[in-house]
Every structure is written in C-alpha cells, then in structure tokens.
Amino acid sequence: MKNKLLVLSLGCMITQSVSGQDNSPPNQPYTATLPGTTVSFRMVPIPAGSFNWGSPVSEKGRKDDEGPRQQVQIGAFWMSAHEVTFDEYDVYSDAEKDKTPIPDGMTRPSPPYIDLTLGMGKQGGFPANSMSQYGALSYCRWLYAKTGIFYRLPTEAEWEYACRAGAATTYPFGKDSSSLKQYAWYAGNSGGKYHKVGELQPNAWGLYDMLGNVAEWTLDQYDVHYLEQAPDKDPWKQPTSRTPRSIKGGNYQDDAAQLRSAARLKSDPDWNRRDPQIPKSKWWNADAPFIGFRIIRPVKQPTKEEAGQFFADVLDKYIGSR
Amino acid sequence: MQKKEFHSGRRDFVKQSSLLAGGLLTLPLISQANFFSGANDVIKIAMIGCGGRGTGAAVQALSTKQNVQLVAMADAFADRLNESYENIKGEVGDKPGRLNVKEEHKFVGFDAYLKAIPLADVVILATPPGFRPIHFEEAVKQGKHIFMEKPVATDPAGIRRVLAAAEIAKAKKLNVVVGLQRRYQNSYRELYKRAQDGIIGDITSMNVWWNQGALWVKPRKPEYTEMEYQMRNWYYFNWLCGDHIVEQHIHNIDVGNWFMNDYPVTAVGMGGRQVRTGKEYGEIYDHHAVEYRFANGVAMNSQCRHWKDSASRVDEEITGTKGRIICDRAVIQDHKGKVLYRFDKKQENQPYQSEHDELFDAVAHGVYKYQDAERAAKTTLTAIIGRLATYSGQIIPFDQALKLDLNLQPAAYAFDAKPQLLPDADGNYPVAKPGATRYV
C-alpha cells in the first residue's frame, strides 16, 4: 500500500502540470538565488530521453550489482551544475544566515559536536559534506518551502543518465581513466581532500564534479538486485528502511574504478559509528567526510499536496535516513 | 603501571578487594551487600547522567560481550531520563534482559546518584563535569567499578577530591576508565608506541587544536529558576562545564601530556569573547590560546575556539628532533616530509566502544587493570590552568593551581538554590577580564 503511494508520488512529479511559481523554459539553464541572500546556484537542463543503465559485463572494474544493463526512459529535469556548497547549505542550517524564518514544522540541522569538514574547507565554494541523506533531503524540503519550486535528490537512474550525458562508455569522456584527472578529484589527484566545486572540466551537459570530489546521495534505497527488477521508465527504488541508501559518483579518496558512471555504492552505518551520542545525530555522519549531494528540479512539478506527501513518505517516515 | 591480576574468578576477586580495602581504609564500605550480587554473575550497571553522551555510554556498556544489565538511572531532570530510557530501549531492544530498570529505580533530582549507585556493580558517570568529583567520590566510597566521562572536574577543589578518591580506588582495586578515548584508539596507541621507540627522537614541541564552530543553546523559559536555566545550558557556566578548553580541548591536551609522559609546569595565554558575545552564552570565552611549558622546557601550544565560518582543526602534532607525528592523519614524517610510518586506517577501532569492551572484560574476569582517574584529574587540571591563564593574563603554575582555594560549586544543590554566578539586571553574566581577574 505504502509502496504504491510512493510510486504514485514520483510519477506525479513527472507527469502533473507545473504548479510551482516559476515557469522557466525547460531547455534553458537558470541561476536562482536563495531568498534574502546573495547566495546563488545554477541549474542546467537535462532533456528527457533514454539510456543504457548499468554496465556491460566486459567493463573493467564492473561489479555484479551494475546489471543487467537495460534501456530506461527518464523524464526531463534540471540538475544543479555543482554539488550543493556549504555557502548554500548553511543558509538552511545556520539561522543567522537565513534572513527569513524557518518554515512551519521544519527544523534546522543541529551543529555537529565536532567539525566534520576535517579542515578541508567550508566557505567560498567547498561542497557541503558529512550530512545524512535525511539532512540532504531536508535541504530540498526547505528549499521548496522557501522558493515554491520543488527540488529533490536525483534517483539513481536520473543521476547516471545525467552523468553519462549521452555517453555509453565507462566514463562520460570515454573508456580510459587516463583523462579522469581533467574532470574529477579522486585518489589520483585530490591530495586526500575535497576541492571547491567547479574547478575541473564539466561533462557534455554542463555538470561539474559528477565523478569524484564528494560522493552524492541519491533518492534510492540501495538494493543489490535493483537493476534486475527496475521498471523501464523513471525507475526509483523507494525507501523501505533508513539504511542503506544508494550513492553515486565516488569520492576524493576513491580509485578510478569507483568513479565509473555505472558504479553503485551503498551507505554504511559504520559511517556514523564514532558519533558518541545516543540518539545519534539524524543530521550528520561522524565518519563520512566524503559524502555530499546535488539537487534536481523535475520539469513537471508536483502539486503542493503531492509534494507534501512525498516529503512525508521519504523524510518523515525515515527520520535520520543515512 | 600496576597490573596485578586475580585469576580466581570474580567473586574471589571481590572478596580480596574488600579485604584489602578494609585493611587500608577508614571509609565505610556502604554497599558491600550489593557488590556483584546479581544472579548468574550478572554485572549490574547504574548510569548517572542521562544526556546524549551518558546514553551513548550506557548503550556501549550494554553492547559488550559480558553479561551486563542496566538496572538504575539517575538524572537531575525527569524529561532527560525518560528520553534516554526510550533511546536505550530502541538501541538494545534486540538484546533481551539488558535493559532492566524498574520504575522505582529511575531516580530524579540532584541526589538521584545516591540512590542509583548502591544498586550497581559498575557505574557510568556522565553528567556535566562539575558534578564528577562528588559522584566519583561516592562511587569509590561504595566500592564500584567506574566508567566516567572527561573532564573530571571544573575547579581545583574538585581536582583535589578526585585525586583523593583516585588513591582510594587504587587501594580498593576498582577499575576506573575515563572517556579520553584517544587512549583507547588503535591509531593513537600505535603512534604512541612508535614515539616511545624513538621514531621522532626527542620531543621538541607540540601543537594541539580544537578549533571549530558553535554548539547548542537552549532558550530561557519563564518557569526556570536561575539554577534550572544554568543546568539546562550547562555548557556556558564554568561550575558545570569548565569552559570549552576544559570540556572539549582536554582531548588534545591529554594527547600532549600522554606523549610527553608528563604534565606541564606552567601555562600562559590569552583568550576572550570576540564572536560569541550574547548573554545566552553565559560566561565562557569563545577562544583560548595557551602556551604550556614542561619541566624540560618543551612548549605545547594549544588553540581552541568556537568560531563559525573560520578555519577548523581538531588535531595534535608532536614534533621531535627526527620527525613529526600528525595524529589525526595518523602519519609520522621526517623533517623532509618523507613518511616514516602510516597507520592503516582500516585497522581503526571504535574507541568509545573499546573503552567499555576493555572495562567490562576486566570486571567480568576479576582483573584489576584500569586506573585512569589520577592522570585524567591531572590532565583536567592542565586544561583548567589554561583557563585560569587566559582569564587572568597571569602565568599559572600547575603546582600552585592544585592548591588554589577555588571552588565554583554552589553552596547547595537544589533548583531553588543560587549558583555563585548570577546575571545582572539585563541578564548578562560577569565575564573574566585579564588583569582584573586574579587567581595567583
């Protein structure tokens, strides 16, 4: 019953008419400013289309959960050109930076007991890191309440579709990892830390740091067999428990194989094992400095009621998802 | 380090301990009847202080391999105790029998610890640190094994009580583990071992940091007495917290003391309230920078601050004649940058859990192994002299501070009693001012 509802929710987001306040032309990029601030973020259009999801058995470094490879259709959306930065995330988490009140019923992330950037950088364009999936999705809900435009995390399939940007090869730029350093911060060039977003080359659709830098939360529950069962249109593995969730892109500590477009990574409760408090923070992971996120905006926006139901189903039922 | 072991099982161990204690001490052993009296060798636990850390520690204790049960809980606030109980239930619900706290064994109020401690074999002391001396004293008096959180006091009077009780704990052979968890963390233990083996030569200087953003604040409610307000916002009042140089930065200062195998002889420094100036932040500073000096002249430079949107670092670096240890990265380099040793982070443990695994293993097997209280008290005093140095602007000698007549505790512990520090008519608290504030 619940699952049916969730299927409907995502479907609605893609098929219902636009009800947000903004009617940006779907094929144009735009820059939005967080209300009451000078902090902005850029969204780039991702056209509707289909792609081969997963990797061929011949791909070097492939794991079993990446198949069977199958063609799926994906609806149109905008995706943030960059990983969400601390400049953006802190407008949500820091009341002093948010000039407008927190929307009814929402709370801000509590400050972590220890600094979770580990000194890698915060203000001035560094990616927000260490948050739980709950913290990432809560940012989307806050942004929706602030702007009237519905944003969410990408599904695993949407993420991979956008990352490939039409390329069927191992990496968006080809099958050879030797060019990776032009596009991604990973073990080979990161110096063991994340970097400011957007310093390297984007993919063909104008997305920066899809591979490497911080790994990115998706909307999906991680299921090792999901590609065996997924529908061929807008697949989304709905949440059934608070963990594990699906991660894409690899991170600054990873080797090239984990940065392949098809690589699927799963979150791990160990990522918060050193949080000494009980209840453990629902907002942060004490041992996952390598995790971040980016947002998407479906072209076909949900109604207010549908969006409310969506957040109730993905967030309120799985508080502290990670 | 004393490491005498009794292999004859726990009950004999207990008997020997109490015989020893009886011969050495004049303090009455109030709760001998309750000592390991559980059926089937159950180790009974009481938790004193039911906040997030106390709850975490209780869950870790209940997650050890030993036959343990939580039987009593104590907190100043009923709401905190009840939240904690529910959270523990959520965490250990799948381990039958581990949570066994009867309604009548949930104790609320300032004196709750007196009622909870007699019911246990092992006590967890995790209230704000201002209460630690009286709680530790009582637990030792009653012959309990102890896990207590850092810091172990907030003023010199409290340090003296902890040091005195630590002596009695040693005489009674009570295991005492203190939550300075880097001492129980694999990477730090490996780095320490190599430092002892001389990999960096003689230590010439140390740098320690706890630089980060801000913490929580709880709004004042009209129904709060001043005592309740300060208790709810304990972080911002020194009688409870000791300032963040004591409450948090103690971890890094402890690493310096550990690697030096010593304690500093003096502290001098500076600090203030530059960013966090509002009355909701009580009396504590938002930054401290302290130069500690050891007897052999080595300096430990310490920085701690609660400034948001500033460069952050929580770490320690130990520099020697032949190289440098960078603790958080768990790397040792020579002075040209060549890596001499790198800890394999896959071998890292969960130190908060290891503290309890090791303590309860010792208790279950009747082994006397852990006597952390004295060194934790001296490391707490190290952090306290840093605060006294930044508050006063003076050079603070360690030995003199230990004898200092400074007791921040209220005359009575009750919600209608007055703390020593009170706000003015506008709600602002007096703040230490270097040059005007004096301790020595």
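The values are calculated or read from the model by the stated rules, or taken from the named source; none is laboratory data. This is a predicted model, so every value here is computed, not measured. For neighbour counting, all protein chains shown are included, and Cβ atoms are generated from backbone atoms with ideal geometry for every residue, glycine included.
Here are some notes:
- Of the residues making up the range A:298-315, those that are over 19 Å from A:SER246 (Cα atoms) and either of a type outside the set (Gly, Ala, Ser) or touching a residue at least 60 places away in the same chain (Cβ under 8 Å) (or both) are A:PRO298, A:VAL299, A:LYS300, A:GLN301, A:PRO302, A:THR303, A:LYS304, A:GLU305, A:GLU306, A:ALA307, A:GLN309.
- Identity of the residue in the range A:165-189, hydroxyl-bearing (Ser, Thr, Tyr) and crowded, with 19+ Cβ neighbours inside 10 Å, that ends up nearest to B:LYS345 (Cα to Cα): A:TYR186
- Set side by side, the residues B:ALA78, B:ALA74 differ, and just one is among the aliphatic types (A, V, I, L, M), more than 13 Å from chain A (Cβ to nearest Cβ) and out of contact with any helix residue (DSSP H, G or I) (no Cβ under 7 Å at 6 or more places or on another chain), which is B:ALA78.
- The requirement of being touching a residue at least 60 places away in the same chain (Cβ under 8 Å) and crowded, with 23+ Cβ neighbours inside 10 Å is fulfilled nowhere in the range B:97-111; no residue meets it.
Let's see how each residue does on (1) part of a loop (DSSP other than H, G, I, E, B); (2) modelled with pLDDT of 90 or more; (3) under 20 Å from A:GLY206 (Cα atoms); (4) hydroxyl-bearing (Ser, Thr, Tyr):
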{"position": "A:ILE14", "(1), (2), (3), (4)": "no, no, no, no"}
{"position": "A:SER19", "(1), (2), (3), (4)": "yes, no, no, yes"}
{"position": "A:ASP22", "(1), (2), (3), (4)": "yes, no, no, no"}
{"position": "A:THR31", "(1), (2), (3), (4)": "no, yes, yes, yes"}
{"position": "A:THR37", "(1), (2), (3), (4)": "yes, yes, no, yes"}
{"position": "A:PHE41", "(1), (2), (3), (4)": "no, yes, yes, no"}
{"position": "A:ASP65", "(1), (2), (3), (4)": "no, yes, no, no"}
{"position": "A:PRO68", "(1), (2), (3), (4)": "yes, yes, no, no"}
{"position": "A:VAL91", "(1), (2), (3), (4)": "no, yes, no, no"}
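- Residue list for the range B:339-356, filter: more than 30 Å from B:GLN69 (Cα to Cα) and either part of a strand (DSSP E or B) or within 11 Å of chain A (Cβ to nearest Cβ) (or both): B:VAL339, B:LEU340, B:TYR341, B:ARG342, B:LYS345
- Failed condition for A:GLY250, given (1) assigned to a loop (DSSP other than H, G, I, E, B); (2) surrounded by fewer than 16 Cβ atoms within 10 Å (Cβ to Cβ): (2)
- Number of the exception - B:VAL208 against (1) within 13 Å of chain A (Cβ to nearest Cβ); (2) of a type in the set (Val, Ile, Thr); (3) crowded, with 22+ Cβ neighbours inside 10 Å: (1)
- Scanning the range B:313-333 for residues that are in a loop (DSSP other than H, G, I, E, B) and over 15 Å from B:GLU190 (Cα atoms) yields B:THR321, B:LYS322, B:GLY323.
- For the range B:277-306, the tally of residues that are aromatic (Phe, Trp, Tyr), in contact (Cβ under 8 Å) with a residue 40 or more places away in the chain and away from chain A (no Cβ under 14 Å) stands at 2.
- B:MET231, sole failed condition from (1) among the aliphatic types (A, V, I, L, M); (2) away from chain A (no Cβ under 14 Å); (3) touching a strand residue (DSSP E or B) at 6+ places or on another chain (Cβ under 8 Å): (3)
- From the list B:ARG132, B:ARG194, B:ARG183, the lone residue that is crowded, with 18+ Cβ neighbours inside 10 Å, under 29 Å from B:ASN296 (Cβ atoms) and modelled with pLDDT of 95 or more is B:ARG183.
- Residues located in the range B:365-407, provided they are in contact with a Gly (Cβ under 8 Å, 6 or more places away or on another chain), in a loop (DSSP other than H, G, I, E, B) and crowded, with 20+ Cβ neighbours inside 10 Å: B:GLY366
- Matching residues, the range A:142-162, being charged (D, E, K, R) and either crowded, with 24+ Cβ neighbours inside 10 Å or on the phi > 0 side of the Ramachandran plot (or both): A:ARG152, A:GLU156, A:GLU158, A:GLU160
- Which listed residue is farther than 30 Å from A:LEU180 by Cα, surrounded by fewer than 19 Cβ atoms within 10 Å (Cβ to Cβ) and in contact with a helix residue (DSSP H, G or I) (Cβ under 9 Å, 6 or more places away or on another chain), from A:LYS266, A:LYS317, A:LYS280, A:LYS304: A:LYS317
- Qualifying residue in the range A:97-109 (condition: of a type in the set (Gly, Ala, Ser), under 17 Å from A:GLY320 (Cα atoms) and within 14 Å of another protein chain (Cβ to nearest Cβ)): no
- Of residues in the range B:307-331 being small (Gly, Ala, Ser) and surrounded by 20 or more Cβ atoms within 10 Å (Cβ to Cβ), the one farthest from the other protein chains (Cβ to nearest Cβ): B:GLY320
- When the test is whether a residue is touching an Asp or Glu at 6+ places or on another chain (Cβ under 7 Å), under 15 Å from B:ILE200 (Cα atoms) and part of a loop (DSSP other than H, G, I, E, B), B:LYS336 does not pass it.
- Where B:LYS141 falls short, out of the listed (1) surrounded by fewer than 21 Cβ atoms within 10 Å (Cβ to Cβ); (2) under 18 Å from B:LEU402 (Cα atoms); (3) not aliphatic (A, V, I, L, M): (2)
- Breaking point among (1) touching a Gly at 6+ places or on another chain (Cβ under 8 Å); (2) more than 14 Å from chain B (Cβ to nearest Cβ); (3) free of Cβ contacts under 8 Å to residues at least 12 places away in the same chain, for A:ASP115: (2)
- Some residue of the range A:277-288 being over 13 Å from A:SER130 (Cα atoms), modelled with pLDDT under 95 and in contact with a Lys or Arg (Cβ under 8 Å, 6 or more places away or on another chain): yes
- From the list A:GLN258, A:GLN238, the one residue that fits, being modelled with pLDDT of 95 or more and part of a helix (DSSP H, G or I), is A:GLN258.
Quick grid of which residues meet (1) under 17 Å from the mean Cα position of the chain (by Cα); (2) farther than 30 Å from A:GLN309 by Cα:
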{"position": "A:TYR183", "(1), (2)": "no, yes"}
{"position": "A:GLY192", "(1), (2)": "no, yes"}
{"position": "A:TRP205", "(1), (2)": "yes, yes"}
{"position": "A:PRO244", "(1), (2)": "yes, no"}
{"position": "A:ARG264", "(1), (2)": "yes, no"}
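Listed here are the residues, each with its yes/no results for (1) modelled with pLDDT of 85 or more; (2) more than 12 Å from every other protein chain (Cβ to nearest Cβ); (3) assigned to a helix (DSSP H, G or I); (4) loosely packed, with under 15 Cβ neighbours inside 10 Å.
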| position | (1), (2), (3), (4) |
| --- | --- |
| B:GLN2 | no, yes, no, yes |
| B:ARG11 | no, yes, yes, yes |
| B:VAL14 | no, yes, yes, no |
| B:LEU19 | no, yes, yes, yes |
| B:ALA46 | yes, yes, no, no |
| B:GLN60 | yes, no, yes, no |
| B:ASN82 | yes, yes, yes, no |
| B:ILE88 | yes, no, yes, no |
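- B:GLY366 fulfils the conditions (1) within 23 Å of B:ASP262 (Cα to Cα); (2) in contact with a Ser or Thr (Cβ under 8 Å, 6 or more places away or on another chain) except for a single criterion, (1).
- The set of residues from the range B:328-350 being touching a Leu at 6+ places or on another chain (Cβ under 9 Å), farther than 20 Å from A:TRP271 by Cα and in contact (Cβ under 8 Å) with a residue 24 or more places away in the chain comprises B:ILE332, B:TYR341.
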